[in-house]
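Taking it in order: structure first as structure tokens, then the write-up.
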Amino acid sequence: ITLTAGFCFLATTFLFRDRPPTPPTASAAKALDLSNTENQPLEDIPPPLLAYPSLLKTLLFETPGFTGPLVAFVASIGVTNVISSFVGDALDRATGGGSVGAVGAGFQIAIVLGGIIFSAYVDATRTYKRTTLGCLTFAVGTIALLGVAMGYDADLPPQLVIFSMLALGAAVGPVQPLNAELAVEVAHPIDENAIEATQQLAGNLFSALLVPIYQIAGRFDFEFIEDFSELAPATHYGFNADFDDATHLHHHLKGMIMPQPSWLTHSPTDVRGDTLLLFVLVAAAAAFFATFEFDLKRAALDDSAL
């Protein structure tokens, strides 16, 4: 890793340039012209720490469509970071153990390959909304499957669990580059670096907050049963006594009994709270994102110049 990082540093130092000799697109040319016409005396330019809050206000409250890709980006980076951090724990619960290093590496490779494939598709079709919603919807399904696998009542084949985890990476990972590009489209001609920085800042902050919440939610187990009506009323929707999780050094879990949804065919079925948290997060992000319509300003400018 050290040698690779050193090579990348040297390559960047000697090969990287600030900008190409001529703007590659009409939108880039317009942004360059705009920056040239807005040149201010150095003493009139506010420090970055003072300029960014105003820019952030413009992005969040004055740029139609920006919060949609921001929420999708944040949900995607939150899920990928959490799964990457706890892949060993997930494998222990779902399969009783496995090659954590290989699956973790496979998850990251799936994210990269999915990003390449879906980005190429969207570059050709510009179907940002449809593709993002497809990725998030598929991610919701794989999280639900992994939730059942990580519970105690249903045993799924290890191959299916590992495939589902890789499929989750290939589906939810590409949401980040797709919505980074979409945010630049809807916010054009605002500086692209500022847009990317805002998304990364929000995503990393959210991930840092999500990790402890994910760990706390993992202490709860929700069990769905068919004969819910036959239980004593005191047990309805209430957390029962602690029980031991034998695969996790006997950490105490809180169990909660709930009626089984009609789409669950295995009875009883249980889902841990951390998986349910990710399920709700991605489903809510997809529902919020679906409410937006996006004006691809940069693409329209480039098309008008052809």
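Which members of the stretch 190-232 meet the condition of being at pLDDT 90 or above and of a type in the set (A, V, I, L, M, F, W, C)?
Within the stretch 190-232, ILE195, ALA197, LEU201, ALA202, LEU205, PHE206, ALA208, LEU209, LEU210, VAL211, ILE213 qualify.
Go through (1) among the aliphatic types (A, V, I, L, M); (2) farther than 20 Å from SER85 by Cα; (3) open to solvent by less than 50 Å² (accessible area, probe 1.4 Å); (4) modelled with pLDDT of 95 or more and name the single condition ALA154 misses.
(4)
Among the residues of the stretch 175-188, are any in a strand (DSSP E or B), at negative phi and at pLDDT below 95? It would help to see each step written out before you state the result.
If we filter the stretch 175-188 for residues that are in a strand (DSSP E or B), which is where we start, we get none.
No, that holds for no residue.
Residues of the stretch 85-108 being among the β-branched types (Val, Ile, Thr), modelled with pLDDT of 70 or more and open to solvent by 30 Å² or more (accessible area, probe 1.4 Å), which ones? Before the answer, list the steps.
Here is the first cut: in the stretch 85-108, the residues among the β-branched types (Val, Ile, Thr) are 87, 95, 100, 103.
Cutting the leftovers down to modelled with pLDDT of 70 or more gives us 87, 100, 103.
Of everything in the stretch 85-108, just one residue is among the β-branched types (Val, Ile, Thr), modelled with pLDDT of 70 or more and open to solvent by 30 Å² or more (accessible area, probe 1.4 Å), namely VAL100.
Which of the residues that make up the stretch 113-140 are touching a residue at least 24 places away in the same chain (Cβ under 8 Å), out of contact with any Pro (no Cβ under 6 Å at 6 or more places or on another chain) and open to solvent by 60 Å² or more (accessible area, probe 1.4 Å)?
LEU113, ILE117, ARG126, THR137, PHE138
The values are calculated or read from the model by the stated rules, or taken from the named source; none is laboratory data. Keep in mind that what you see is a predicted model, and the values were worked out from it rather than measured. In this analysis, Cβ positions are derived from the backbone assuming ideal geometry, glycine residues included, and neighbour counts consider all displayed protein chains. These accessible areas exclude ligands, DNA and RNA; they are computed on the full protein's heavy atoms, side chains included. Shrake-Rupley method; radii C 1.70, N 1.55, O 1.52, S 1.80 Å.
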